[in-house]
Amino acid sequence: MPPAGWGASSRNSIVTHLLTAWALFNGTNVVSDSSGGFTLPNGAIRAPDAAGRSPRPDMM
């Protein structure tokens, strides 16, 4: 997959920044950018542009 380009990359950075600010304020979540993969219950691995989730596996 080729790079996203400057426009999309800039928007992704803003989304990641906002999610990080939310997680720091909230204090109960962790944030990942597009290099962080998640394994779903069905075994599929996904890597969204940005994601916030609970740090506790039982809360996923």
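Quick note: the coordinates plus some simple rules give every number you see, no bench work behind them. In this text the structure is predicted, and so the values were computed from the model without any measurement. Don't worry about glycine lacking a Cβ; one is built from the backbone with ideal geometry, like all the others, and counts go over all protein chains shown.
Residues in segment 6-20 carry Karplus couplings, in order, of 5, x, 5, 5, 5, 5, 4, 4, 5, 4, 4, 4, 5, 5, 5 Hz; the curve used is 6.51 cos²θ - 1.76 cosθ + 1.60 with θ = phi - 60°, and Gly or Pro positions show x. Couplings 3J(HN,Hα) for segment 40-51, derived from phi with the Karplus relation 6.51 cos²θ - 1.76 cosθ + 1.60 (θ = phi - 60°), are 7, x, 7, x, 5, 10, 10, 9, x, 4, 7, 8 Hz, where x marks Gly and Pro. Neighbours of residue 12 by Cβ distance under 12 Å: Lys/Arg scored +1, Asp/Glu scored -1, total -1. Ordered by the count of other Cβ atoms within 10 Å of each Cβ, fewest first, 19, 24 give 24, 19.
Calculate the all-directions average of the projected area of the chain's alpha-carbon convex hull, and give it in nm².
Result: a mean projected hull area of 4.6 nm².
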